[in-house]
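Novice: Supplied in structure tokens, the structure appears directly below.
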Amino acid sequence: MRYLVLADIHANIEALDACLADARARKYDRTIVLGDLVGYGADPDAVINRVCALDPFAMVRGNHDKVACGIEPAEEFNSIARNAALWTRDVLTQEHRDWLAGLPQGPCQVDDLMEICHGSPFDEDAYIFDELDALRALKASTRPLCLFGHTHCPIAFDLRKDTLESTAPSPPLAVQFFLIGQSKYLVNPGAVGQPRDGDPRAAYAIVDVDNRRVELFRLTYPVEHAQAKVIAAGLPEVLAHRLAVGR
């Protein structure tokens, strides 16, 4: 079984379509989505349509999804994120707002190997930035592999007995690693549509359950098209700029 893993799409249909085309060429069986389908980008309805067509096997909501559909207020967001979230709420169809409101809260157990969350397995909105955050998350996780998003930065934490190691991959094309023995892993595939690690390329992952292998991919996409849509929509121009720099 090969799972396509998508996180933090953020209404960027150009980045999502590039990832889907690349993943189809590599072949996968099922799709997993780690939340934040909307927010920041200019194509929230198109992204939701595309994700629904994938019929995800497992999916959790993100913080931007909650605010965009109105089940949480936007006050805790910074001014740029709040502006984008309220714009998204206004342009989404009622059907899609209702669909976002119905997304499950993480964590969610996928199978005997994996569980998924948006922020962390102990709090769906918590950020995992460092080894202290990761250690707490790994202790809370219930499967050998926990997939998360939210930070928009690809990283893998590996807990073997009492030793915690982390790897922040910056591959030219792709990187892979194998899940070994009794270790526990915490992996962020990076953001499809809103990278924040200084690399503007879209990111996604494929988890091969049978071979206990995780593959992380980065690929270019027509950033300029996504930027033009952001500006044309009247969203803050900084949201267009950051797509080109990955910050």
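Novice: Among the residues that make up the stretch 60-72, is at least one of them among the aliphatic types (A, V, I, L, M), in contact with a strand residue (DSSP E or B) (Cβ under 7 Å, 6 or more places away or on another chain), surrounded by fewer than 19 Cβ atoms within 10 Å (Cβ to Cβ) and part of a loop (DSSP other than H, G, I, E, B)? So that I can check it myself, show each step before the final result.
Specialist: Taking the stretch 60-72 first, the residues among the aliphatic types (A, V, I, L, M) are 60, 67-68, 71.
Imposing the further condition that a residue be in contact with a strand residue (DSSP E or B) (Cβ under 7 Å, 6 or more places away or on another chain) reduces the set to 60.
Retained after the next criterion (residues that are surrounded by fewer than 19 Cβ atoms within 10 Å (Cβ to Cβ)): none.
Within the stretch 60-72, not a single residue is among the aliphatic types (A, V, I, L, M), in contact with a strand residue (DSSP E or B) (Cβ under 7 Å, 6 or more places away or on another chain), surrounded by fewer than 19 Cβ atoms within 10 Å (Cβ to Cβ) and part of a loop (DSSP other than H, G, I, E, B).
Novice: Of all residues in the stretch 9-35, which are farther than 18 Å from VAL110 by Cβ and assigned to a loop (DSSP other than H, G, I, E, B)? Reasoning before the result, please.
Specialist: Step one: list which residues in the stretch 9-35 are farther than 18 Å from VAL110 by Cβ, which gives 9-22, 24-27.
Once the filter is applied, which keeps residues that are farther than 18 Å from VAL110 by Cβ and assigned to a loop (DSSP other than H, G, I, E, B), the stretch 9-35 yields ILE9, HIS10, ALA11, ASN12, LYS27.
Novice: Now for a separate question. Quick one: which residue in TYR185, TYR221 is farther than 28 Å from LEU135 by Cα and aromatic (Phe, Trp, Tyr)?
Specialist: Working: TYR185 fails: farther than 28 Å from LEU135 by Cα.
Among TYR185, TYR221, only TYR221 is farther than 28 Å from LEU135 by Cα and aromatic (Phe, Trp, Tyr).
Novice: Now, a different point. So for the stretch 216-223 (the condition being at negative phi and touching a His at 6+ places or on another chain (Cβ under 9 Å)), does at least one residue qualify?
Specialist: Of all residues in the stretch 216-223, those at negative phi come to 216-223.
The next check asks that each one be touching a His at 6+ places or on another chain (Cβ under 9 Å); those that pass are none.
The answer is no; no qualifying residue exists.
Novice: Just the residues that are under 15 Å from VAL230 (Cβ atoms) and either over 16 Å from the mean Cα position of the chain (by Cα) or not in a helix (DSSP H, G or I) (or both), please, taken from the stretch 46-59. Can you show your working first?
Specialist: Narrowing the stretch 46-59 to residues under 15 Å from VAL230 (Cβ atoms): 46-47.
Listed by number, the list holds a single entry, ALA46.
Novice: Scan the stretch 117-142 residue by residue and report those that are in contact (Cβ under 8 Å) with a residue 40 or more places away in the chain and either surrounded by fewer than 19 Cβ atoms within 10 Å (Cβ to Cβ) or not charged (D, E, K, R) (or both).
Specialist: Here is the first cut: in the stretch 117-142, the ones in contact (Cβ under 8 Å) with a residue 40 or more places away in the chain are 117-119, 124-125, 128, 134, 137-138, 141.
The answer is CYS117, HIS118, GLY119, ASP125, ILE128, ALA134, ALA137, LEU138, SER141.
Novice: Is it the case that the stretch 191-210 has a residue that's free of Cβ contacts under 8 Å to residues at least 12 places away in the same chain and closer than 24 Å to GLY246 by Cα? Talk me through it step by step, then tell me what you get.
Specialist: Step one: of the stretch 191-210, the residues free of Cβ contacts under 8 Å to residues at least 12 places away in the same chain are none.
No, the conditions are met nowhere in the stretch 191-210.
Novice: Which of the residues spanning the stretch 90-116 are under 30 Å from GLU237 (Cα atoms) and either in contact (Cβ under 8 Å) with a residue 24 or more places away in the chain or buried (at least 18 other Cβ atoms within 10 Å of the Cβ) (or both)?
Specialist: Of the stretch 90-116, the ones under 30 Å from GLU237 (Cα atoms) are 90-101, 103.
Within the stretch 90-116, VAL91, LEU92, THR93, HIS96, ARG97, ASP98, TRP99, LEU100, ALA101, LEU103 qualify.
Let's see how each residue does on (1) at pLDDT 95 or above; (2) among the small types (Gly, Ala, Ser); (3) part of a strand (DSSP E or B); (4) touching a Phe, Trp or Tyr at 6+ places or on another chain (Cβ under 8 Å):
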site	(1), (2), (3), (4)
HIS150	yes, no, no, yes
ASP158	no, no, yes, yes
SER170	no, yes, no, no
ILE180	no, no, no, no
LEU186	yes, no, yes, yes
ILE206	yes, no, yes, yes
LYS229	yes, no, no, no
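Novice: Here's another thing I want to ask about it. With respect to the numbered conditions (1) of a type in the set (Phe, Trp, Tyr); (2) within 26 Å of GLU72 (Cβ to Cβ); (3) assigned to a strand (DSSP E or B), which one is the sole condition not fulfilled by PHE129?
Specialist: Only one criterion is unmet by PHE129, namely (3).
Novice: Do we have ARG89 as out of contact with any strand residue (DSSP E or B) (no Cβ under 6 Å at 6 or more places or on another chain), assigned to a helix (DSSP H, G or I) and closer than 23 Å to GLU75 by Cβ here? Full working, then the answer.
Specialist: On the way: out of contact with any strand residue (DSSP E or B) (no Cβ under 6 Å at 6 or more places or on another chain): yes; assigned to a helix (DSSP H, G or I): yes; closer than 23 Å to GLU75 by Cβ: yes.
Spelling it out, ARG89 is indeed out of contact with any strand residue (DSSP E or B) (no Cβ under 6 Å at 6 or more places or on another chain), assigned to a helix (DSSP H, G or I) and closer than 23 Å to GLU75 by Cβ.
Novice: Here's a follow-up. Considering only the stretch 93-125, how many residues are of a type in the set (D, E, K, R) and over 21 Å from GLY70 (Cα atoms)? Walk me through how you get there before you give the answer.
Specialist: Going residue by residue through the stretch 93-125, those that are of a type in the set (D, E, K, R) are 95, 97-98, 111-112, 115, 123-125.
Imposing the further condition that a residue be over 21 Å from GLY70 (Cα atoms) reduces the set to 111-112, 115.
Going through the stretch 93-125 one residue at a time, the tally reaches 3.
The values are calculated or read from the model by the stated rules, or taken from the named source; none is laboratory data. Note that the structure is predicted; figures quoted are calculated from it, not measured. Neighbour counts are summed over all protein chains in view; Cβ atoms, including those assigned to glycine, are modelled from backbone coordinates with ideal geometry.
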